[in-house]
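Bear in mind that the values in this text are calculations on the coordinates, not laboratory data. This is a predicted model, so every value here is computed, not measured. Ideal geometry is used to build each Cβ from the backbone, glycine not excepted, and the neighbour counts take in all protein chains shown.
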Amino acid sequence: MERDKSHRGNASQFFVAGELCRRGYAAVVTLGNTPNTDVLCSNRAGTRFAHIQVKTFVPGTKSCNVGLKSERQYSEVFFWILAGIPAPKSDLPFEYFVVPCSEMAANVAARHQRWLSEPGRKGQQRKDSSVRAVAVVTGTSEYLWNVEPYRNRWDLIEQVLDG
């Protein structure tokens, strides 16, 4: 399973870069050589850039783990792309959620703080951890921010790159 997860994660970065190239931009996978940037994308002139962090999930699941760094504000040219990469023999489609960093940070932090402030199932104080997640299906959990409005919002990156 770990091998499959690793391969799916690597593949998702290439699928994201491929989609951006298909749209007429230059996109490269950093192969782990750039902190916080899985895909670096520019306009054809190389004068505007977007930094993209890719997180992978399996279509049909309710959430996508984004981790603690999802609460950090990087810049207006930083995006999260949650990439739903189906299993090889699956009939489910690929899914992409293109989320500006500022939206991800504000919403994930607020939902996590709300979760921490309310008692657990047995009335206990919840313990903080580095786990963060967002909902990729409507109605998943009141504590998870739903990213549905960002489905296929490639135009947000295009606005940054095209000015």
Check your understanding: Most exposed first by the Cβ proxy, i.e. fewest other Cβ within 10 Å, how do Phe97, Phe14, Phe78 rank?
Key -> Phe14, Phe78, Phe97
Review point. Within straight cross-link reach of Lys89, meaning Cα distance under 25 Å, which lysines are found once same-chain residues fewer than 8 apart are removed?
Key: Lys5, Lys55, Lys62
Review point. Could you give me the ³J(HN,Hα) list for the range 42-50, computed from phi with Karplus coefficients 6.51, -1.76, 1.60 and θ = phi - 60°, whole Hz, x at Gly and Pro?
Key: 9, 6, 4, 6, x, 9, 9, 10, 10
Review point. Rounded if a/c is under 1.5, else prolate if a/b beats b/c, else oblate: with a ≥ b ≥ c from the C-alpha gyration tensor eigenvalues square-rooted, which is the range 36-77?
Key: oblate
Point to revise | Spatial separation of Cα centroids for the range 109-149 and the range 55-69, in angstrom | key: 14
Revision key, fill the gap. Charge dipole of the chain built from unit charges on the beta carbon (Lys, Arg +1; Asp, Glu -1), centred at mean Cα; most positive-end Cα among Val108, Asn152, Asn43 is Val108
**Study point:** DSSP-loop GluC sites (Glu not before Pro) across the range 1-99, with at most 15 other Cβ within 10 angstrom
**Key:** Glu76
Point to revise | Only Lys, Arg (+1) and Asp, Glu (-1) charged, at Cβ; the range 2-162 dipole about Cα centre in debye | key: 460
Revision key, fill the gap. Per residue, the convex hull enclosing the Cα atoms of the chain spans a volume in Å³ of 126
Review point. What list do you get for Ile157, Ile81 if you sort them by fewest beta carbons within 10 Å?
Key: Ile157, Ile81
Revision key, fill the gap. Here, trypsin sites (Lys or Arg not before Pro) of the range 101-150 satisfying both criteria (DSSP loop; at most 14 other Cβ within 10 Å) are Arg121, Lys122, Arg126, Lys127
Check your understanding: Based on DSSP H runs of at least 4 residues, each adding -39500 (n - 2.57), what is the mean residue ellipticity at 222 nm of the chain after dividing by all its residues, to the nearest 500 deg cm²/dmol?
Key -> -9500 deg cm²/dmol
Review point. Out of residues 5 or more away from Lys55 or on other chains, whose amide H comes under 5 Å of its own, with H placed 1.01 Å from N in the peptide plane?
Key: Ile81, Leu82, Ala83
Review point. So in the chain, what percent of DSSP beta bridges are antiparallel if you round to the nearest 5?
Key: 65
Practice item. Could I get the Rg over Rh figure for the range 83-163? Both from C-alpha atoms, Rh via Kirkwood, rounded to two places. Key: 1.07
Practice item. Note the full-extension length gain between Val77 and Lys122 as 0.36 nm times their separation in residues minus their Cα-Cα distance, in nm to one decimal. Key: 12.0 nm
